[in-house]
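Take a look at the structure set out below.
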Amino acid sequence: KKINNAHDNYIYTIKHYPYDKFDIILSTSCNNDIKIWNYNEGLNILTISKIYENNNYVYSSCIIFDKNNFTIFCTGYKNYIKIYNQAGEFIKNIGNNDAIRCYIDSSEIEDKKYLIVGGNKGIQVFNLPALTEYHTFIEGNDGNCHNEAKIIKINDTYNLIDTGDFNHIKIWDFVNKNLINK
C-alpha cells in the first residue's frame, strides 16, 4: 500500500489495526492532527485537526476497540491526554497538562485492559475502561523521557519493559510495581 502525501509534515506515529470490522491505519503528525485510513483502499476516512492549542505536536496516538466502536487516545507536548470517539468528536481530557507525553498504547492481560502512557514523568498506566490510574512506573526523580513501554509475560510473571533517554531499558514487575532490572 502507498498513501501519497498522508500528512503535510513529519509523521510521528503509524499503527495498523487489522480487525474484522475495521482494517485501518492510524497516523499522527507534527501538524497537530490525527488521520485514520482505510487500509485496503488507502483512503482517508477521518481527520481530527488542531488537537492541541498553539499548534503543539501530536506525538503519539492509539485506538482502543470495544465491540463495534473504538476510541482514539492521543498525547502531545505539555498537554492533556485527549480522548475522541470514532466520529472524531472530543470526549474529554485525562491527566494534567504539565507533562511531555511521547508514547501511548494499550495492552491486555488476563482480560484486563490498560492504557500505557510514556513521557518525562515516567510510564503512567491506567485501567480501562474506567481510566483510573493503576500505577506510575518511575525510578526516583527520573525526568528522562520514557519513549515506549510494553507489558509482557515471562515465566508466569507480567513485566513492564520501558525504554527511554540515555540508552536505558528498565524491567518492572507489573503486579508488585517494583524495578527488577535496569
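The values are calculated or read from the model by the stated rules, or taken from the named source; none is laboratory data. Keep in mind the model is a prediction, meaning the values are calculated, not measured. Reconstructed Cβ throughout: ideal geometry from the backbone, glycine too, with neighbour counts over all protein chains shown. Just so you know, the surface numbers come from the protein's heavy atoms only, side chains and all, with ligands and any DNA or RNA stripped out. Shrake-Rupley method; radii C 1.70, N 1.55, O 1.52, S 1.80 Å.
Which one of these is more than 27 Å from I45 (Cβ to Cβ), surrounded by fewer than 19 Cβ atoms within 10 Å (Cβ to Cβ) and of a type in the set (K, R): K170, K113, K150?
The match here is K150.
So N93 ticks every box in (1) open to solvent by 30 Å² or more (accessible area, probe 1.4 Å); (2) at positive phi but one. Which box is left unticked?
Against the list (1) open to solvent by 30 Å² or more (accessible area, probe 1.4 Å); (2) at positive phi, N93 comes up short only on (2).
For the stretch 118-143, what are the residues that are free of Cβ contacts under 8 Å to residues at least 60 places away in the same chain and either touching a Lys or Arg at 6+ places or on another chain (Cβ under 6 Å) or surrounded by fewer than 17 Cβ atoms within 10 Å (Cβ to Cβ) (or both)?
Selection gives G119, N127, A130, L131, T132, E133, H135, T136, E139, G140, N141, G143.
So K35 passes all but one of these: (1) part of a loop (DSSP other than H, G, I, E, B); (2) touching a residue at least 24 places away in the same chain (Cβ under 8 Å); (3) not β-branched (V, I, T). Which condition number does it fail?
Every listed condition holds for K35 apart from (1).
Based on this model, can you work out whether G88 counts as open to solvent by less than 40 Å² (accessible area, probe 1.4 Å), under 14 Å from the mean Cα position of the chain (by Cα) and over 18 Å from P129 (Cβ atoms)?
no
Of the residues N5, N79, N40, which single one is in a loop (DSSP other than H, G, I, E, B) and surrounded by 19 or more Cβ atoms within 10 Å (Cβ to Cβ)?
Only one candidate qualifies: N79.
Please work out if D162 is in contact (Cβ under 8 Å) with a residue 24 or more places away in the chain, within 28 Å of S29 (Cβ to Cβ), touching a Leu at 6+ places or on another chain (Cβ under 9 Å) and charged (D, E, K, R).
Answer is no for this residue.
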